[in-house]
Amino acid sequence: MDKNKAPQNEAEFDAFIEREKARGTNFVTVIGGEPSLMLHRLKKLQNNFFTTVVTNGVNKIPFDGFEKLTIAVSVWGDHETDKRLRGNGKTDVFAKGLENYKKDPRAGWYYTTTPGNAQEIESVVEQCVANGNFVVPNFYGDITSVGADVDHHRGFDEVRDELNRMIDRYPDKILATSYMIEVITAGQMYDQKWGYEVCGSITFDNEKNRERVKNGNPFNSHFRAYNPDLISTRRCCVGEDRDCSNCYDLWAHFSWLMLNMKRHLGSKQEFTNWLTSVYIFYILNGFINLDEGIKLLPEIHRRVGNKNQILQMAMPS
Ligand code: SF4
């Protein structure tokens with residue numbers, strides 16, 4: 001799509017940075033294509049904003065000069081599943097990422113779990129933790145109708161249970177609470193059902209969202225999802241025409257949770273569920289000193305509590 005090509009010269013890229021600074025942006029997420037192929041631009045971003053970059057992990061982003069980046073390394077399952085889903089059945093992308101980000105304090109695994117492969121979760125988490133990294137759970141929406149073990153219609157109950165078991169086992173390594181996992185996998189938060197009408201991760205001034213921003217549900221009034229040209233925007237953080245019914249995206253759900261503090265004011269436990277979600281977002285993206293934030297993770301998981309309490313909080317009564 002020529003009209004959406006990335007800026008061809010640095011002056012255009014620099015102008016984008018200046019425009020964003022001028023409108024008050026302090027945080028950017030870089031996703032799509034493979035950002036590690038444009039290191040000089042990543043460096044400019046990290047020098048001006050809190051910057052989180054999502055990478056497939058195949059190319060190592062050097063440490064020197066890129067210390068301030070937060071790096072989310074993608075994995076979609078254990079080696080065979082990951083290879084099947086991302087590596088054309090040939091390339092062991094997960095193995096490459098483990099090698100490149102061993103003991104790298106900037107790196108966390110953005111683990112997109114698939115509904116029929118819950119039995120792999122323990123092994124994947126063990127490998128990531130043994131590699132000296134954190135794990136951030138995400139959930140697969142089967143947008144290309146692969147079906148079978150990755151079909152989201154199967155539901156994420158087993159995945160959720162297994163992730164909760166991993167939280168118990170590695171409370172200082174899993175950057176998502178049981179509450180967050182429940183809200184995302186159930187697609188329900190109090191009286192709201194997940195979908196476009198409540199999603200807050202939309203470009204506030206994109207024409208496609210003109211009616212949505214008037215419906216009374218909160219949205220991020222600063223957020224823009226830019227196309228590669230860094231001028232035009234798309235509807236939301238995951239795409240232009242993505243079917244919201246199969247969107248299990250962690251980042252989008254983060255904003256749903258964070259923008260809905262008022263729904264969580266019914267009790268100390270409910271407010272704790274909200275506050276810990278926000279805090280984890282802050283740890284994840286480098287707003288809080290990582291070492292300090294991580295120290296609190298086991299206590300965060302302890303305070304959020306067990307799954308049964310959480311189910312009652314997240315669901316309508
Ligand atoms: S696809 Fe996901 S992020 Fe995009 S508008 Fe729909 S629910 Fe929100």
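Every number in this text was worked out from the coordinates using simple rules, so none of it is lab data. All values reported here derive from a predicted model rather than from experimental measurement. Heads up, the Cβs are rebuilt from the backbone with ideal geometry, glycines too, and the neighbour counts pull from every protein chain shown.
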(request) Using only the alpha carbons, work out the radius of gyration and Dmax of the range 40-189 in angstrom. (result) 15.5, 44
(message) Taking only Cα atoms of the range 17-62, what ratio of Rg to Rh do you get with Rh as the Kirkwood inverse-distance radius?
(response) 0.99
(request) For the range 82-124, count all C-alpha to C-alpha pairs, find those more than 12 Å apart, and express that count as a whole percent of the total. (result) 68 percent
(message) Run the helix sum for the chain: -39,500 (n - 2.57) per DSSP H stretch of 4+ residues, divided by residue count, reported at 222 nm to the nearest 500 deg cm²/dmol.
(response) -11000 deg cm²/dmol
(request) Above 21 angstrom, tally the Cα pairs of the range 134-219 and express them as a % of all pairs, no decimals. (result) 47 percent
(request) Sort 155-164, 211-220, 250-259 for me by packing, meaning the mean count of neighbouring Cβ atoms within 10 Å per residue, highest on top. (result) 250-259, 155-164, 211-220
(request) List, in order, the whole-Hz ³J(HN,Hα) value for each residue of the range 108-121 obtained from phi through the Karplus relation with A = 6.51, B = -1.76, C = 1.60 and θ = phi - 60°; use x for Gly and Pro. (result) x, 8, 8, 8, 7, 7, 10, x, x, 10, 4, 5, 8, 4
(message) List the pairs from 102/173; 90/173; 21/193; 68/208; 44/295 whose alpha-carbon separation is above 26 Å, in the order I gave them.
(response) 90/173; 21/193; 68/208; 44/295
(request) For the range 172-317, report the translational diffusion coefficient in µm²/s to the nearest whole number, using Stokes-Einstein at 10 °C, 1.306 mPa s, and a Kirkwood Rh over Cα pairs. (result) 99 µm²/s
(message) Rounded, prolate or oblate, given the Cα gyration tensor of the chain, with a/c below 1.5 counting as rounded?
(response) rounded
(message) Please give the Cα centre distance for the range 216-250 versus the range 22-86, rounded to the nearest Å.
(response) 18 Å
(message) No solvent, one uniform scatterer per C-alpha: report log10 I(q)/I(0) for the range 108-167 via the Debye equation at q = 0.17, 0.21 1/Å, two decimals.
(response) -0.53, -0.77
(request) Only Cα pairs under 8 Å and at least 6 apart count here; give the relative contact order of the chain as a rounded whole percent. (result) 15 percent
(request) Tally the DSSP beta bridges in the range 10-314 and give the antiparallel ones as a percent, rounded to 5. (result) 25 percent
